[in-house]
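Here the structure comes first, spelled out in structure tokens, and everything after it is commentary.
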Amino acid sequence: MLRVLFALLAVGVLAPAVVAAEKDKPKQGRADDETGALHVTWYPSVAAAVDVAKANYVPVMVLIFREGNKDDLRRVENVEGWPTIIQASHEQMAATKLSDQNEEAKAIVQRLQLKRLPAVVWLDRDANPVIATAFTDSAATMTAVIQGWGQTLDTIAKFYSKHLIAGNKYLARGRLRSAYLEYSFLAPFQGKDPDLARRGQDRVREAWLKTLAKAKELPPESVERVVIVKGLRRDVQFLDFSKTLEEEINRAPQVAAERPRPAAP
């Protein structure tokens with residue numbers, strides 16, 4: 001069964017590769033030997049495969065196996081003999097195979113909390129893990145992902161658009177917490193729309209800090225100041241910005257009503 005991961009991932013640990021200059025654009029090609037036999041084209045790393053994916057608009061297939069495990073190595077050899085995968089590696093995907101001791105593989109396993117290996121993980125052209133599949137003894141699962149990749153990208157684009165548009169609307173209406181939460185759906189990923197979402201989060205943070213700055217200009221005993229600080233704390237509760245805001249609040253003298261209540265024993 002395909003495991004679609006895109007909307008469930010935590011903050012990413014994989015940095016996208018830099019797009020090669022057009023004149024040095026990575027090309028996919030056959031890996032023919034002198035006898036004319038065809039082989040799977042394996043790229044040496046995730047970064048190299050992502051470069052190719054960026055240039056050729058194809059998915060990245062990362063095959064992760066347990067180092068030294070004879071059964072895993074046998075299954076990798078089987079994959080290398082499947083004609084559909086050989087052909088796909090030349091034209092429809094950028095493939096790399098990594099042992100679980102490889103640092104890039106470790107990062108993927110940790111990010112996705114993969115419990116069983118071997119596994120196949122599919123990345124988009126921005127190095128975002130999108131799908132994880134079980135390592136089967138048939139090419140059908142892999143070919144299904146490749147054939148459905150266009151639809152998968154459409155789903156991701158709709159996911160981006162939905163939350164980005166909602167975040168922008170909430171921000172325009174001054175509903176800062178709601179805007180921040182919408183942007184948070186995109187912020188862990190790489191790409192154009194996630195970049196816009198992170199900028200949106202920055203604008204929300206700036207708005208909160210400006211509101212706090214205005215509150216600090218009021219007399220310490222001012223009821224208005226106390227109300228503003230309480231409102232800000234409520235707005236950022238359980239968000240990743242709450243600690244930063246609390247530190248900013250504590251930079252100024254506080255009256256008793258502004259101090260956070262101690263946690264219950």
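Laboratory data are not the source of any read-out in this text; all were calculated from the coordinates shown. Since the model is a prediction, treat every value here as computed from it, not as a measurement. Cβ coordinates were reconstructed from backbone atoms using ideal geometry, including for glycine residues, and neighbour counts include every protein chain displayed.
Round to a whole angstrom and tell me the spacing of the C-alpha centers of segment 187-222 and segment 131-149. The distance from the Cα centre of segment 187-222 to that of segment 131-149 comes to 42 Å. With only the Cα atoms considered, segment 158-198 has a convex hull volume of 51 Å³ per residue. Note on segment 121-265: the C-alpha convex hull projects to 12.4 nm² when averaged across all orientations. Sorted fewest first by neighbouring Cβ atoms within 10 angstrom, D195, D72 come out as D195, D72.
Here A48 and R233 are evaluated by their C-beta separation; at R0 = 51 Å the FRET efficiency comes out at 0.60.
Can you give the extra length, in nm with one decimal, that the chain gains between L73 and E221 once fully stretched, where that is 0.36 nm per residue apart less the Cα-Cα distance? Walk me through the numbers before you get to the answer.
Details: separation 148, 0.36 × 148 = 53.28 nm, distance 7.10 nm.
Net length gain for the segment: 46.2 nm.
With Rg and the Kirkwood Rh both taken from Cα atoms, where does Rg over Rh land for segment 37-90? Let's see the in-between values first.
Numbers: Rg = 12.1 Å, Rh = 12.2 Å.
Checking Rg against Rh, the ratio lands at 0.99.
Seen from a random direction on average, the alpha-carbon convex hull of segment 73-131 projects onto 4.5 square nanometres.
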